[in-house]
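Here is the structure we will look at, set down as C-alpha coordinates.
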Amino acid sequence: MNMVKALNDALRVEMRRDERVVVLGEDVGKLGGVFRVTAGLLEEFGEDRVVDTPLSEAGIVGAAIGMALYGLRPVSELEFADFVYPAMDQLVNEAAKYRYRSGGEFGCPLVVRTPMGGGIKGGLYHSQSPESLLIHNAGLKVVCPSNPYDAKGLLIGAIRDPDPVLFFEPKRVYRANEMEVPEGDYMIPLSQAKVALAGTDITLVSWGAMVEESIAAAKEIHEQGLSVEVIDLRTLWPVDIQSVVQSVQKTGRLVIVHEAPKACGFGAEIVAQICERVFLHLEAPPKRVTGWDTPFPYALENEYLPLRHRIVPALIETARYS
(Lines give C-alpha, C1' and ligand atoms only; values in the text may rest on other atoms or scores of the structure.)
Protein backbone atom coordinates (compact mmCIF):
# COMPACT_ATOMS: atom_id res chain seq x y z
CA MET A 1 0.00 0.00 0.00
CA ASN A 2 0.94 3.64 -0.35
CA MET A 3 0.20 5.98 2.55
CA VAL A 4 -3.19 7.06 1.19
CA LYS A 5 -4.39 3.45 0.98
CA ALA A 6 -2.89 2.61 4.38
CA LEU A 7 -4.73 5.48 6.07
CA ASN A 8 -7.96 4.55 4.31
CA ASP A 9 -7.53 0.97 5.52
CA ALA A 10 -6.94 2.16 9.09
CA LEU A 11 -10.19 4.13 9.02
CA ARG A 12 -12.09 1.10 7.68
CA VAL A 13 -10.61 -1.17 10.35
CA GLU A 14 -11.68 1.16 13.14
CA MET A 15 -15.11 1.98 11.69
CA ARG A 16 -15.88 -1.72 11.31
CA ARG A 17 -14.59 -2.49 14.80
CA ASP A 18 -16.28 0.35 16.66
CA GLU A 19 -19.56 1.91 15.57
CA ARG A 20 -18.71 5.02 17.61
CA VAL A 21 -16.03 6.01 15.09
CA VAL A 22 -17.28 8.72 12.74
CA VAL A 23 -15.51 10.76 10.04
CA LEU A 24 -16.25 14.40 9.32
CA GLY A 25 -14.76 17.23 7.29
CA GLU A 26 -14.91 19.15 4.03
CA ASP A 27 -15.55 16.83 1.07
CA VAL A 28 -14.70 13.64 3.01
CA GLY A 29 -17.87 11.90 1.81
CA LYS A 30 -18.85 12.20 -1.85
CA LEU A 31 -15.40 13.37 -2.98
CA GLY A 32 -13.44 11.11 -0.65
CA GLY A 33 -11.27 13.92 0.71
CA VAL A 34 -9.00 16.33 -1.14
CA PHE A 35 -6.31 13.61 -1.37
CA ARG A 36 -8.86 10.73 -1.50
CA VAL A 37 -7.90 9.30 1.90
CA THR A 38 -11.58 8.79 2.78
CA ALA A 39 -12.63 7.43 -0.63
CA GLY A 40 -15.32 4.76 -0.42
CA LEU A 41 -16.15 5.27 3.25
CA LEU A 42 -19.48 6.98 2.52
CA GLU A 43 -20.62 4.04 0.40
CA GLU A 44 -19.76 1.52 3.12
CA PHE A 45 -20.77 3.37 6.28
CA GLY A 46 -23.42 5.86 5.17
CA GLU A 47 -24.13 9.53 5.79
CA ASP A 48 -24.60 9.16 9.55
CA ARG A 49 -20.94 8.16 9.99
CA VAL A 50 -19.24 9.98 7.10
CA VAL A 51 -20.28 13.62 7.28
CA ASP A 52 -19.54 16.33 4.70
CA THR A 53 -19.28 19.62 6.58
CA PRO A 54 -19.32 23.29 5.63
CA LEU A 55 -16.01 25.05 5.03
CA SER A 56 -15.33 26.00 8.65
CA GLU A 57 -12.34 24.53 10.47
CA ALA A 58 -13.56 25.92 13.81
CA GLY A 59 -16.94 24.33 13.15
CA ILE A 60 -15.44 20.96 12.17
CA VAL A 61 -13.29 20.71 15.29
CA GLY A 62 -15.99 22.17 17.54
CA ALA A 63 -18.49 19.59 16.29
CA ALA A 64 -15.92 16.84 16.82
CA ILE A 65 -15.37 17.99 20.42
CA GLY A 66 -19.09 17.77 21.09
CA MET A 67 -19.23 14.30 19.55
CA ALA A 68 -16.29 13.13 21.66
CA LEU A 69 -17.79 14.45 24.90
CA TYR A 70 -21.00 12.55 24.17
CA GLY A 71 -19.30 9.20 23.61
CA LEU A 72 -18.39 9.10 19.93
CA ARG A 73 -14.87 8.72 18.47
CA PRO A 74 -14.72 11.44 15.80
CA VAL A 75 -11.96 11.61 13.18
CA SER A 76 -12.08 15.03 11.59
CA GLU A 77 -10.15 16.11 8.51
CA LEU A 78 -8.79 19.57 7.81
CA GLU A 79 -7.90 19.79 4.12
CA PHE A 80 -4.44 21.31 4.77
CA ALA A 81 -2.45 21.86 7.94
CA ASP A 82 -2.20 25.53 6.92
CA PHE A 83 -5.88 25.84 7.79
CA VAL A 84 -5.52 24.64 11.38
CA TYR A 85 -5.31 28.25 12.59
CA PRO A 86 -9.06 29.02 12.44
CA ALA A 87 -9.56 25.96 14.68
CA MET A 88 -6.85 26.85 17.21
CA ASP A 89 -9.29 28.22 19.79
CA GLN A 90 -11.28 24.97 19.73
CA LEU A 91 -8.14 22.82 19.87
CA VAL A 92 -6.16 24.77 22.46
CA ASN A 93 -8.84 26.21 24.73
CA GLU A 94 -11.38 23.40 24.53
CA ALA A 95 -10.16 19.98 23.35
CA ALA A 96 -6.80 20.16 25.11
CA LYS A 97 -8.31 21.31 28.41
CA TYR A 98 -11.26 19.00 29.11
CA ARG A 99 -9.38 16.30 31.01
CA TYR A 100 -7.76 18.98 33.19
CA ARG A 101 -10.78 21.20 33.77
CA SER A 102 -12.89 18.17 34.73
CA GLY A 103 -10.32 16.74 37.14
CA GLY A 104 -9.92 13.69 34.92
CA GLU A 105 -13.64 12.92 34.79
CA PHE A 106 -14.00 13.65 31.07
CA GLY A 107 -11.62 12.99 28.22
CA CYS A 108 -11.92 14.32 24.69
CA PRO A 109 -11.01 11.38 22.40
CA LEU A 110 -10.86 12.92 18.95
CA VAL A 111 -8.41 12.83 16.05
CA VAL A 112 -7.73 15.75 13.72
CA ARG A 113 -6.14 14.49 10.51
CA THR A 114 -4.48 16.98 8.19
CA PRO A 115 -1.96 16.92 5.31
CA MET A 116 1.22 18.89 6.07
CA GLY A 117 4.45 20.08 4.50
CA GLY A 118 5.79 20.74 1.04
CA GLY A 119 6.60 18.61 -1.94
CA ILE A 120 3.61 19.23 -4.19
CA LYS A 121 4.24 22.85 -5.28
CA GLY A 122 1.47 24.07 -3.01
CA GLY A 123 3.04 27.43 -2.30
CA LEU A 124 2.77 29.43 0.89
CA TYR A 125 -0.85 28.55 1.77
CA HIS A 126 -0.66 24.76 1.28
CA SER A 127 2.83 23.75 2.46
CA GLN A 128 3.29 24.76 6.08
CA SER A 129 4.44 22.54 8.96
CA PRO A 130 2.85 23.95 12.15
CA GLU A 131 3.64 21.03 14.47
CA SER A 132 5.57 23.05 17.07
CA LEU A 133 2.57 25.35 17.62
CA LEU A 134 0.42 22.38 18.59
CA ILE A 135 3.13 20.61 20.60
CA HIS A 136 3.44 23.74 22.76
CA ASN A 137 -0.10 23.27 24.10
CA ALA A 138 -0.41 20.84 27.00
CA GLY A 139 -3.15 18.26 26.52
CA LEU A 140 -2.64 17.65 22.81
CA LYS A 141 -0.77 14.70 21.32
CA VAL A 142 0.96 15.18 17.97
CA VAL A 143 1.81 12.41 15.48
CA CYS A 144 3.59 12.49 12.11
CA PRO A 145 4.30 9.18 10.31
CA SER A 146 6.92 8.79 7.59
CA ASN A 147 5.72 5.66 5.76
CA PRO A 148 2.56 3.64 5.01
CA TYR A 149 3.12 0.90 7.61
CA ASP A 150 3.55 3.36 10.46
CA ALA A 151 0.73 5.57 9.18
CA LYS A 152 -1.85 2.80 9.52
CA GLY A 153 -0.66 1.60 12.94
CA LEU A 154 -0.34 5.11 14.34
CA LEU A 155 -3.77 6.21 13.07
CA ILE A 156 -5.38 3.20 14.71
CA GLY A 157 -3.50 4.05 17.89
CA ALA A 158 -4.62 7.68 17.66
CA ILE A 159 -8.30 6.75 17.24
CA ARG A 160 -8.15 4.52 20.31
CA ASP A 161 -6.32 7.10 22.42
CA PRO A 162 -8.37 8.70 25.22
CA ASP A 163 -7.12 12.23 24.45
CA PRO A 164 -7.13 14.59 21.45
CA VAL A 165 -4.54 13.76 18.78
CA LEU A 166 -3.28 15.94 15.92
CA PHE A 167 -2.35 13.55 13.13
CA PHE A 168 -0.12 15.24 10.55
CA GLU A 169 0.18 13.42 7.21
CA PRO A 170 3.16 14.39 5.01
CA LYS A 171 1.57 14.82 1.61
CA ARG A 172 4.96 14.50 -0.10
CA VAL A 173 4.82 10.82 0.98
CA TYR A 174 1.15 10.13 0.20
CA ARG A 175 1.84 8.34 -3.09
CA ALA A 176 5.63 8.45 -3.19
CA ASN A 177 6.19 4.78 -2.44
CA GLU A 178 4.51 1.51 -1.52
CA MET A 179 5.41 -1.06 1.11
CA GLU A 180 3.97 -4.16 2.73
CA VAL A 181 1.16 -3.16 5.08
CA PRO A 182 -0.68 -5.94 6.96
CA GLU A 183 -4.40 -6.26 6.45
CA GLY A 184 -6.59 -6.05 9.50
CA ASP A 185 -5.85 -4.71 12.94
CA TYR A 186 -2.48 -3.63 14.32
CA MET A 187 -1.60 -0.63 16.47
CA ILE A 188 1.58 1.37 17.05
CA PRO A 189 1.61 3.07 20.48
CA LEU A 190 1.88 6.85 20.54
CA SER A 191 5.04 6.70 22.60
CA GLN A 192 7.78 5.00 20.60
CA ALA A 193 10.36 6.38 18.19
CA LYS A 194 12.00 4.00 15.71
CA VAL A 195 15.57 3.51 14.56
CA ALA A 196 15.07 3.76 10.80
CA LEU A 197 18.77 3.18 10.08
CA ALA A 198 21.38 1.99 12.57
CA GLY A 199 24.72 3.80 12.87
CA THR A 200 27.56 4.66 15.21
CA ASP A 201 29.04 8.11 14.36
CA ILE A 202 26.17 10.63 14.20
CA THR A 203 22.56 10.63 15.45
CA LEU A 204 20.13 12.14 12.93
CA VAL A 205 16.59 12.81 14.19
CA SER A 206 13.69 13.52 11.85
CA TRP A 207 10.01 12.84 11.15
CA GLY A 208 7.50 12.85 8.33
CA ALA A 209 8.70 13.33 4.77
CA MET A 210 12.23 14.24 5.83
CA VAL A 211 12.94 10.73 7.18
CA GLU A 212 13.49 9.32 3.69
CA GLU A 213 15.66 12.32 2.79
CA SER A 214 17.67 11.73 5.98
CA ILE A 215 18.15 8.05 5.17
CA ALA A 216 19.26 8.93 1.64
CA ALA A 217 21.79 11.44 3.00
CA ALA A 218 23.07 8.90 5.54
CA LYS A 219 23.59 6.30 2.83
CA GLU A 220 25.39 8.84 0.63
CA ILE A 221 28.00 9.72 3.25
CA HIS A 222 28.40 6.08 4.26
CA GLU A 223 30.69 5.89 1.22
CA GLN A 224 32.95 8.37 3.02
CA GLY A 225 33.23 6.10 6.03
CA LEU A 226 30.64 7.87 8.19
CA SER A 227 27.94 5.82 9.94
CA VAL A 228 24.70 7.71 10.67
CA GLU A 229 21.90 6.48 12.91
CA VAL A 230 18.54 7.83 11.71
CA ILE A 231 15.76 8.06 14.31
CA ASP A 232 12.17 8.53 13.13
CA LEU A 233 10.27 10.11 16.04
CA ARG A 234 6.83 9.09 14.67
CA THR A 235 5.04 10.59 17.68
CA LEU A 236 6.29 14.13 18.25
CA TRP A 237 4.48 14.63 21.54
CA PRO A 238 4.82 12.96 23.93
CA VAL A 239 8.33 12.62 22.49
CA ASP A 240 10.38 9.46 23.04
CA ILE A 241 13.44 11.41 24.09
CA GLN A 242 15.01 8.35 25.71
CA SER A 243 15.60 6.75 22.31
CA VAL A 244 17.44 9.90 21.21
CA VAL A 245 19.41 9.98 24.47
CA GLN A 246 20.58 6.40 24.02
CA SER A 247 21.69 7.09 20.47
CA VAL A 248 23.57 10.30 21.36
CA GLN A 249 25.31 8.51 24.22
CA LYS A 250 26.65 6.15 21.57
CA THR A 251 27.47 8.62 18.79
CA GLY A 252 28.28 11.87 20.62
CA ARG A 253 26.90 13.93 17.73
CA LEU A 254 23.38 15.15 16.89
CA VAL A 255 21.75 16.53 13.73
CA ILE A 256 18.02 17.30 13.49
CA VAL A 257 16.10 17.69 10.22
CA HIS A 258 12.61 19.19 9.89
CA GLU A 259 10.61 21.11 7.29
CA ALA A 260 9.32 23.83 9.59
CA PRO A 261 11.28 27.08 10.01
CA LYS A 262 14.25 26.94 12.37
CA ALA A 263 13.15 29.62 14.84
CA CYS A 264 11.25 27.96 17.69
CA GLY A 265 10.94 24.75 15.66
CA PHE A 266 10.60 21.42 17.45
CA GLY A 267 14.26 20.70 16.71
CA ALA A 268 15.19 23.36 19.27
CA GLU A 269 13.26 21.49 21.98
CA ILE A 270 15.07 18.26 21.15
CA VAL A 271 18.43 20.02 21.33
CA ALA A 272 17.50 21.49 24.72
CA GLN A 273 16.40 18.15 26.13
CA ILE A 274 19.54 16.39 24.90
CA CYS A 275 21.79 19.10 26.34
CA GLU A 276 19.98 18.84 29.68
CA ARG A 277 20.38 15.06 29.80
CA VAL A 278 23.63 14.09 28.10
CA PHE A 279 25.61 17.29 27.54
CA LEU A 280 28.91 15.68 28.54
CA HIS A 281 28.48 12.99 25.86
CA LEU A 282 28.39 15.57 23.04
CA GLU A 283 31.54 15.84 20.93
CA ALA A 284 30.15 18.54 18.61
CA PRO A 285 27.47 21.25 18.81
CA PRO A 286 24.03 19.92 17.83
CA LYS A 287 23.02 21.08 14.36
CA ARG A 288 19.61 21.77 12.82
CA VAL A 289 18.81 21.49 9.09
CA THR A 290 15.39 23.06 8.57
CA GLY A 291 13.13 25.19 6.46
CA TRP A 292 14.05 28.87 6.27
CA ASP A 293 12.53 31.55 8.49
CA THR A 294 10.42 32.85 5.62
CA PRO A 295 6.98 32.10 4.19
CA PHE A 296 7.04 28.91 2.14
CA PRO A 297 8.06 29.76 -1.47
CA TYR A 298 6.49 28.31 -4.59
CA ALA A 299 9.32 28.73 -7.11
CA LEU A 300 12.16 27.79 -4.70
CA GLU A 301 10.50 24.85 -2.95
CA ASN A 302 13.49 22.53 -3.34
CA GLU A 303 15.80 25.17 -1.89
CA TYR A 304 13.51 25.77 1.06
CA LEU A 305 13.08 22.13 2.00
CA PRO A 306 15.94 20.47 3.95
CA LEU A 307 16.55 17.82 1.30
CA ARG A 308 19.55 15.55 0.90
CA HIS A 309 21.70 18.23 -0.74
CA ARG A 310 21.45 20.30 2.46
CA ILE A 311 21.61 17.40 4.94
CA VAL A 312 24.86 15.87 3.64
CA PRO A 313 27.04 18.99 4.27
CA ALA A 314 25.60 19.30 7.79
CA LEU A 315 26.48 15.68 8.57
CA ILE A 316 30.03 16.09 7.24
CA GLU A 317 30.54 19.33 9.20
CA THR A 318 29.29 17.70 12.39
CA ALA A 319 31.49 14.65 11.87
CA ARG A 320 34.60 16.77 11.30
CA TYR A 321 34.10 19.04 14.29
CA SER A 322 36.77 18.72 16.96
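Some notes on this structure:
- If you filter the range 1-37 down to residues that are within 20 Å of residue 148 (Cα to Cα) and acidic (Asp, Glu), you find that the one that is nearest to the chain's Cα centre (by Cα) is 9.
- Residues that are touching a Lys or Arg at 6+ places or on another chain (Cβ under 8 Å), under 23 Å from residue 157 (Cβ atoms), in a strand (DSSP E or B) and aliphatic (A, V, I, L, M) within the range 216-271 comprise just one, 231.
- Residue check for residue 99: in contact with an Asp or Glu (Cβ under 8 Å, 6 or more places away or on another chain), in contact (Cβ under 8 Å) with a residue 60 or more places away in the chain and assigned to a strand (DSSP E or B): no
- Candidates 121, 97, filtered to the one that is at pLDDT below 95 and not assigned by TED's automatic domain parsing to the domain that holds residue 297: 121
- Taking residues in the range 161-185 that are modelled with pLDDT of 95 or more, and partners anywhere that are of a type in the set (Asp, Glu), the pairs with Cβ atoms closer than 8 Å and at least 6 places apart or on different chains are 166/131; 168/131; 173/212; 181/9.
- Every residue from the range 18-31 that is surrounded by 14 or more Cβ atoms within 10 Å (Cβ to Cβ) and within 13 Å of residue 45 (Cα to Cα): 20, 21, 22, 23, 24, 28, 29
- Pairs, first farther than 10 Å from residue 259 by Cβ in the range 118-134, second acidic (Asp, Glu) and crowded, with 18+ Cβ neighbours inside 10 Å, C-beta under 9 Å, six or more apart: 122/82; 124/82; 125/82; 126/79; 126/82; 130/82; 132/269
- Answer residue from the range 212-268, given it is of a type in the set (Lys, Arg) and in contact (Cβ under 8 Å) with a residue 60 or more places away in the chain and is nearest to residue 316 (Cα to Cα) among those: 253
- The lone exception for residue 205 - which of (1) out of contact with any strand residue (DSSP E or B) (no Cβ under 6 Å at 6 or more places or on another chain); (2) of a type in the set (A, V, I, L, M); (3) buried (at least 19 other Cβ atoms within 10 Å of the Cβ); (4) not assigned by TED's automatic domain parsing to the domain that holds residue 37 it fails: (1)
- Scan of the range 164-191 for residues that are surrounded by 14 or more Cβ atoms within 10 Å (Cβ to Cβ), out of contact with any strand residue (DSSP E or B) (no Cβ under 6 Å at 6 or more places or on another chain) and either over 25 Å from residue 302 (Cβ atoms) or of a type in the set (Val, Ile, Thr) (or both), ordered by number: 164, 173, 181, 186, 187, 188
- Candidates 66, 46, 62 - the one that is at pLDDT 95 or above, closer than 20 Å to residue 168 by Cα, small (Gly, Ala, Ser) and in the same structural domain as residue 99 (by TED's automatic domain parsing): 62
- Taking the range 227-267 as the range and being surrounded by fewer than 17 Cβ atoms within 10 Å (Cβ to Cβ), in contact with a strand residue (DSSP E or B) (Cβ under 8 Å, 6 or more places away or on another chain) and farther than 18 Å from residue 190 by Cα as the test, the residues that pass are 227, 250, 262.
- Yes/no for residue 84 being not in a helix (DSSP H, G or I) and not basic (Lys, Arg): no
Each row is one residue, and each column tells you yes or no for (1) aliphatic (A, V, I, L, M); (2) in contact with a Cys (Cβ under 7 Å, 6 or more places away or on another chain).
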position	(1), (2)
25	no, no
32	no, no
40	no, no
47	no, no
50	yes, no
54	no, no
58	yes, no
65	yes, yes
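The values are calculated or read from the model by the stated rules, or taken from the named source; none is laboratory data. Quick caveat: nothing in here was measured; it's all calculated off a predicted structure. Cβ: placed from backbone, ideal geometry, glycine included. Neighbour counts: every protein chain shown.
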